[in-house]
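The values are calculated or read from the model by the stated rules, or taken from the named source; none is laboratory data. Just so it is clear, the structure is predicted and the values come from calculations on it, not from any experiment. For neighbour counting, all protein chains shown are included, and Cβ atoms are generated from backbone atoms with ideal geometry for every residue, glycine included.
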C-alpha cells in the first residue's frame, strides 16, 4: 500500500515537471520578444536573458520613425476589428434568432446553406473576390478599400451558428408570455432575447476581434496602400526594412500583441470555457 | 355588412394568417443581409471562379478562352509541383504532430492537479497571438546566432559542425521542418481545447468499471479513453488538415513571396498569391484555387469515410 502511494506521489511530481517545462516552452518566446525589444542592436546576439539597461530607443524608433506611422497601423487594425465585431454582432444575432425561433418557409434549407459556406476555403475565393472588388471600384487606394474588407468579413457562418445554438436554449416560456402580451417578433428579440444573450455576445465579440486583429491574408491582398496597412501587414512589410535590426522589430511585435494579451489576461477563464463550449457544439 | 359577417366567421384564422405573414417577413428580413452576402461572396463566387479559370485573364486587356489549359499548364510547372509537395508534406507531418501534442496536453491538464487552470491558460496563449508576431519572433529565435542555437550549444551541440550550420530557416533542407515545428507549437493549444471539450464530456463510470476490473492506467487510456475520443480525433484531424493545406502566413513571413530559400517554403496558397498579385495571371490563379479546393474536399471526404459517418455528427 505504501509503495503504491509513493508511486502516485512520484507520478504527480513527474507530471508537474512536464507541465512546468512546457509552460516555459509556451512562455519563453514571448518573454524573449519583450526582453529583446529593450536591448540595443549590438546586444541582441549576446543572448543574455535580460538587457543590460532598460533601453527604450527601439520603442521611440517605432513610435516616431516608421511610415506609415505606428498610430496609423494601430488605428487601421482597431477600426477594422471594431467595425467587423459590430457587423458580426448585428448580423449574427438577428440571423441566429431567425433561424432558432422564427418560422418561415425555407428556413432549414437556408441554414444548411450557411453551414455549407464554412467548407469553402478563403483561398478559393480570393481570385474571383478580388476581380469582383476591382470591378466594383473598391480596390483603388482610397477609403473604399476598408469597405471591401467590411463587405468580405461582415458576416460569419460560425457566429450565426453559435447565436442560433444559444437562442435555442433560452426557455420558450419567456418568449411566449411576451407574445401573449402582444409584443412583435422584433420587440421579443430586442427586449427579451438580446438581454439574455450577453455570454454569447461576449464570445462572438472576442472571437471576431481576435480573428480580425490577427488576420494577415485578406489585408495583404486588399489593403495594398501603405496608409491602409494593419499591424500584421506592417510587421510583414517592415521585416524587409529592418532586416537584422531586431529591437524595433520586437517592439512592434510586443505592441501588436499587447491588446490580445490584455483581453486574454482579463478574460482567460471565460475565453477557455467559451472555446471549450464552441468546440463541443461543433 | 357581409364582409363584417365573413370576418366574424373566421376571426382567428385571419389574424393568425396576418401574424404568420408578419413572422415570415420578419424572419426573411432578419436573414436577408447575411444570406445575400453568402449567396454572392461565398456561393456565387465559386461559379465565377470556374468561369475565370477557363480564361487567360490579366488585369487589363482582352481575355482569351483557354478551356482547361490553365489546369494542364499548372501541372507542368515544377514550382507548382514543388508547392503541392511542400503543402502535402507539411500537412502530413504537422497534423499528427499537433494532434498528438494537443492530446498529450489535454490529458495532462485534465488530471486533478493543482494549478491545472494556470497551465491550460499558458498552453493556450500561443494560439491567441497573431501569426505575424509569432513568426517574426520565431525568425529571431532561429537565426544562426539566436537563442535556439545557443540552447543547443549549451547542451553540447557543435553548431558549426551541423549539416546546416545552424541556418534553420535559410537552409532549404530545414526551412519547412522549422515551420512545422513552429506551427505544431502554436496550434497545439487549440487542439488541446478540442480534446479537453471531449474529455470533459466522457462519463467517468467507464473508467471506474475498468479500474475495479484491474485495468492499469495505460490500459484504460488505450482501450477506454482513446476510443471514446473519436469525435475529437476526427474534428482535430479534419480542421487541422484543412488549415495545414492553406499554409500562407508563416510561409510568406519566413520565406518571402518566393518561399525562399529555393522554393522550400513555397505552398499552394503562396503560389496562388504569386500567380495573381505578382504575375497578374488571374485565370491561372483561379484554376489553382479550384485544384486546392478539390484536394481539400476529397481529403475531407476520405477522412469522413475513414472515421465512419457517425463521427461527423459528433456521436461515438
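The residues of region B:187-210 that are in a helix (DSSP H, G or I), within 13 Å of chain A (Cβ to nearest Cβ) and surrounded by fewer than 17 Cβ atoms within 10 Å (Cβ to Cβ) amount to a single one, B:200. Tally time: how many residues in region A:234-248 are in contact (Cβ under 8 Å) with a residue 60 or more places away in the chain and closer than 21 Å to residue B:129 by Cα? Qualifying residue count for the region: 5.
If the condition is being buried (at least 17 other Cβ atoms within 10 Å of the Cβ) and either in a helix (DSSP H, G or I) or at pLDDT below 90 (or both), then region A:36-46 contributes A:36, A:37, A:43, A:44, A:45. Please verify whether region B:95-105 includes one or more residues that are crowded, with 21+ Cβ neighbours inside 10 Å, away from chain A (no Cβ under 11 Å) and more than 30 Å from residue B:296 (Cα to Cα). Looking for residues that are crowded, with 21+ Cβ neighbours inside 10 Å, away from chain A (no Cβ under 11 Å) and more than 30 Å from residue B:296 (Cα to Cα), one finds none in region B:95-105, hence no. Total residues in region A:180-219 satisfying the condition of being over 25 Å from residue B:25 (Cβ atoms) and either in contact (Cβ under 8 Å) with a residue 12 or more places away in the chain or more than 11 Å from chain B (Cβ to nearest Cβ) (or both): the figure is 21. Return yes when residue B:156 is within 14 Å of chain A (Cβ to nearest Cβ), outside any helix (DSSP H, G or I), more than 24 Å from residue B:97 (Cα to Cα) and without any contact (Cβ under 8 Å) to a residue 60 or more places away in the chain and no when it is not. So residue B:156 fails the test. Checked against the criterion of being surrounded by fewer than 17 Cβ atoms within 10 Å (Cβ to Cβ), assigned by TED's automatic domain parsing to the domain that holds residue B:284 and under 19 Å from the mean Cα position of the chain (by Cα), the candidates B:132, B:92 yield just one match: B:92. Restricting the search to helices (runs of 4 or more DSSP H) fully inside region B:215-290 and requiring at least 1 residues that are crowded, with 24+ Cβ neighbours inside 10 Å and within 19 Å of the chain's Cα centre (by Cα) gives B:230-245, B:249-255, B:268-277. Checking the stated criteria, residue B:182 turns out to be in a helix (DSSP H, G or I), surrounded by 23 or more Cβ atoms within 10 Å (Cβ to Cβ) and in the same structural domain as residue B:98 (by TED's automatic domain parsing).
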